[in-house]
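Down below is the structure, laid out as structure tokens.
The values are calculated or read from the model by the stated rules, or taken from the named source; none is laboratory data. Here the structure is a predicted model, which is why all the values come from computation and not from measurement. Cβ placement follows ideal geometry from the backbone for every residue including glycine, while neighbour counts extend to all protein chains displayed. These accessible areas exclude ligands, DNA and RNA; they are computed on the full protein's heavy atoms, side chains included. Shrake-Rupley method; radii C 1.70, N 1.55, O 1.52, S 1.80 Å.
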Protein chains: 2
Amino acid sequence: MKQQDYSILSPNTVDEASRIFKALSDPTRIKILFLLSQEECSVNHIAEVLEMTQSAVSHQLSFLRNLRLVKYRREGNTFFYTYDDDHVMTILNQVLSHIECE
Amino acid sequence: MKQQDYSILSPNTVDEASRIFKALSDPTRIKILFLLSQEECSVNHIAEVLEMTQSAVSHQLSFLRNLRLVKYRREGNTFFYTYDDDHVMTILNQVLSHIECE
DNA sequence: ATTGTATATGAGCATATGTTCATATACTTT
DNA sequence: AAAGTATATGAACATATGCTCATATACAAT
């Protein structure tokens with residue numbers, strides 16, 4: 001059988017999907033996004049709640065920023081982060097609630 | 001502010017979610033699952049369609065099997081794989097169709 | 001100006017991941 | 001029994017990942 005006989009995903013679609021899933025595949029990023037689904041948070045606040053170093057959190061926020069999954073506003077020295085991709089947040093919440101109602 | 005003031009996910013929930021997303025975060029696994037969403041496939045068939053070695057495909061199927069995302073039946077020398085987790089397939093299709101309709 | 005505070009970032013490191021290569025296993029065919 | 005076919009599996013390797021540590025940056029407060 002030949003490859004053409006099948007509905008094949010375009011490379012771009014596969015790459016984009018894997019990027020989204022990879023973003024959600026790390027426990028720290030899941031926890032950060034879940035926090036942000038509830039309220040706008042500063043970096044230090046996230047670090048305190050998750051009991052992680054500021055640096056580790058900042059690196060993950062940088063990762064999420066690059067993927068446009070979060071955005072921030074500055075207020076003095078404090079950076080307040082919010083989520084910035086409704087679709088990804090919907091996917092995350094679907095999976096989380098599916099797991100919890102088992 | 002204290003950690004207890006927030007709705008915190010249980011460690012099990014986070015781990016389980018990250019396992020699901022990690023399973024979907026690799027391009028090869030996405031392609032395999034997408035193929036299986038269309039039809040039952042033998043290992044060699046998957047390898048041919050995806051233009052990958054039998055070994056690479058078999059390793060990924062082993063990964064997906066461990067997570068109970070696929071199952072197989074044997075017919076002589078041939079192993080026919082099908083998907084085995086409707087929820088994960090739904091998530092995958094949601095993300096794929098969201099990407100494609102942009 | 002100096003010190004303090006909040007965050008970002010680069011280097012380094014240990015671990016995880018995905019593939020290849022060689023080989024094992026189990027069944028089929030002759 | 002022997003050779004062939006389809007798949008599984010272990011070792012090895014290169015790359016990716018997520019953290020820590022040290023330091024840079026930018027603004028605030030004194």
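Values for this structure:
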read-out	value
Dipole of the protein assembly as shown, positive end: most advanced residue of A:Val49, A:Ile30, B:Gln60 [Cβ charges, Cα centre]	B:Gln60
Amide H contacts under 5 Å for A:Val70, placed H, 5+ residues apart	A:Arg65, A:Asp84
Rounded percent of accessible protein surface that carbon and sulfur make up, chain B, 1.4 Å probe	44 percent
For residues of A:66-77, the mean tally of beta carbons on other chains within 10 Å	0
Heavy-atom accessible area per residue - the protein assembly as shown, 1.4 Å, Å²	55 Å²
Residue list for region A:19-42, given a label point 7 angstrom along the Cα-to-Cβ vector of A:His59 and an amide N cut-off under 20 Å	A:22-34
Gyration tensor verdict on the protein assembly as shown (Cα atoms; rounded if a/c is under 1.5, prolate if a/b is larger than b/c, oblate otherwise)	prolate
The protein assembly as shown, helix-only ellipticity at 222 nm - DSSP H runs n ≥ 4, -39,500 (n - 2.57), divided by all residues, nearest 500	-18500 deg cm²/dmol
Pair B:Asn93, A:Met52: separation of 7 Å Cα→Cβ label points (nm)	3.3 nm
Interface residues in region B:20-35 - accessible area drops by 10 Å² or more relative to the isolated chain, probe 1.4 Å	B:Ile20, B:Phe21, B:Lys22, B:Leu24, B:Ser25, B:Pro27, B:Ile30, B:Lys31, B:Phe34, B:Leu35
Alpha carbon convex hull of chain A, projected area averaged over orientations, nm²	8.8 nm²
Loop trypsin sites (Lys or Arg not before Pro), region B:69-102, which have at most 10 other Cβ atoms in a 10 Å radius of their Cβ (DSSP)	none
Amide proton proximity set for A:Phe79, modelled H, under 5 Å, gap of 5+	A:Val43
Total accessible area lost when B and A pair, probe 1.4 Å, Å² to nearest 100	3600 Å²
Tensor-based shape of region A:25-66 (alpha-carbon gyration tensor, a/c under 1.5 rounded, otherwise prolate or oblate)	rounded
Under 16 Å from the B:Phe80 label point (7 Å along Cα→beta-carbon), backbone N, region B:33-62	B:36-46
Equivalent ellipsoid semi-axes, region A:46-102, via Cα gyration tensor eigenvalues times 5, rooted, Å	24, 15, 10
